[in-house]
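Colleague: Below you will find the structure I want to go over with you.
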Amino acid sequence: MRPLWLCWALWALALAGPAAALTEEQILGSLLQQLHLSEVPVLDKADRAQLVTPAHVRAQYVALLQRSHGAHSRGKRFSQHFREVAGRFLVSEASTYLLVFGMEQRLAPHSELVQAVLRLFQEPAAKAALRKHERLSPRSARARVTVEWLHVRDDGANRTSLIDSRLVSIHDSGWKAFDVTEAINFWQQLSRPQQPLLLQVSVQREHLGPLASSAHKLVRFTSQGAGGTGPAEPQLELHTLDLRDYGAQGNCDTEAPPVLEGTRCCRQEMYIDLQGMKWAENWVLEPPGFLAYECVGSCRQPPEPQTLRWPFLGPRQCIASETTSLPMIVSIKEGGRARPQVVSLPNMRVQKCSCAWDGAPVPRKLKP
């Protein structure tokens, strides 16, 4: 099993950098990829002059055009306020715990989550029990603690998603922290603010062998502090940013001068003239051009460095967080004759700009 930090790092490597202006090379490359071509087809004016676009092709193009205005592709937007939510043990068995957290109104509508941390109190193991495992090496005297998000579906079926996993020594005690940001992300995708957050924590053996067969049973989490002197209910820490201060401002002011240094992140109009591109001549029939937009400006940086939690993150930058596709009608030559074909190029139009840390991981989508 990969360590969680490695998974986050691998996801981060796949992300693009800040949203740069769309280039002619990117449009051409996307078009060739969608048509499975290695080079631009050779077409002349005579081919285009004789070409008539059938009604069904035009209807398909218009349908894709309308759909592109409603179907957005979302990237990760980050939301530094801190809030702590007390939870409780709903079910506690030998090596499995079910935690419940009431989440209603815990996340403000104008904020987005940066990180969620689950804290559980590991109670000290009895000395007599530890003496039975004193022959274990420090490496073997550990158990694996796994945190999963529990989704109770409408049909009553349960589904779990792995959120975090780490090794804990049987000799340890005190508070243990787990990153459950992805669990909050899944919960938010349900769009049910009154539904509580359910987390399932399990303690499992990590090593084989008769000596280590029962060592994991010494790792127990409790709702009482050391010696039962104080409460130690499971805690959920929510770290967020107020987007009114740290987010983008929407569209740029078209009547203001060009974006200056220090201007807050915004979406600026940018028109792409396809008719002015030599390779598109006689090949791209529709549209003659399109409004692509671009993300410009800068983002305010939080006072607390996020590198303490995610060491591979860069500064917050202005990026495209929502994009739409661009439908096109192109001319395809088959059997010596040209015919029109509809194709859709993904992520060509910027719908929304947001501020996010460079290298931030893209969250998983909740499966149906």
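The values are calculated or read from the model by the stated rules, or taken from the named source; none is laboratory data. Please read all numbers here as calculations on a predicted model, not as lab measurements. Cβ: placed from backbone, ideal geometry, glycine included. Neighbour counts: every protein chain shown.
Colleague: Name the residue that is nearest to Pro340 (Cα to Cα), counting only residues in the stretch 267-292 that are of a type in the set (D, E, K, R) and crowded, with 16+ Cβ neighbours inside 10 Å.
Modeller: Glu286
Colleague: Still on this structure: Among the listed residues Leu162, Leu167, Leu190, Leu150, which satisfies the condition of being surrounded by 16 or more Cβ atoms within 10 Å (Cβ to Cβ), modelled with pLDDT of 80 or more and among the aliphatic types (A, V, I, L, M)?
Modeller: None of the other options fit; the residue is Leu150.
Colleague: So which of Ala125, Ala108 is over 37 Å from the mean Cα position of the chain (by Cα) and modelled with pLDDT of 80 or more?
Modeller: Result: Ala125 is the single residue among Ala125, Ala108 that is over 37 Å from the mean Cα position of the chain (by Cα) and modelled with pLDDT of 80 or more.
Colleague: A follow-up question, please. Considering only residues that are of a type in the set (A, V, I, L, M) and part of a strand (DSSP E or B), which ones fall in the stretch 162-196?
Modeller: If the condition is that a residue be of a type in the set (A, V, I, L, M) and part of a strand (DSSP E or B), then Leu162, Ile163, Leu167, Val168, Ala177 are the ones that fit.
Colleague: I've got another one for you. Name the residues in the stretch 273-298 that are under 18 Å from Val40 (Cβ atoms) and under 29 Å from the mean Cα position of the chain (by Cα), would you?
Modeller: none
Colleague: If you take the residues in the stretch 106-136 that are touching a helix residue (DSSP H, G or I) at 6+ places or on another chain (Cβ under 9 Å), more than 29 Å from Phe186 (Cβ to Cβ) and of a type in the set (A, V, I, L, M, F, W, C), which one is surrounded by the fewest Cβ atoms within 10 Å (Cβ to Cβ)?
Modeller: Ala126
Colleague: How many of the residues making up the stretch 17-64 are hydroxyl-bearing (Ser, Thr, Tyr), outside any loop (DSSP other than H, G, I, E, B) and either modelled with pLDDT of 90 or more or closer than 30 Å to Leu313 by Cα (or both)?
Modeller: Qualifying residue count, the stretch 17-64: 1.
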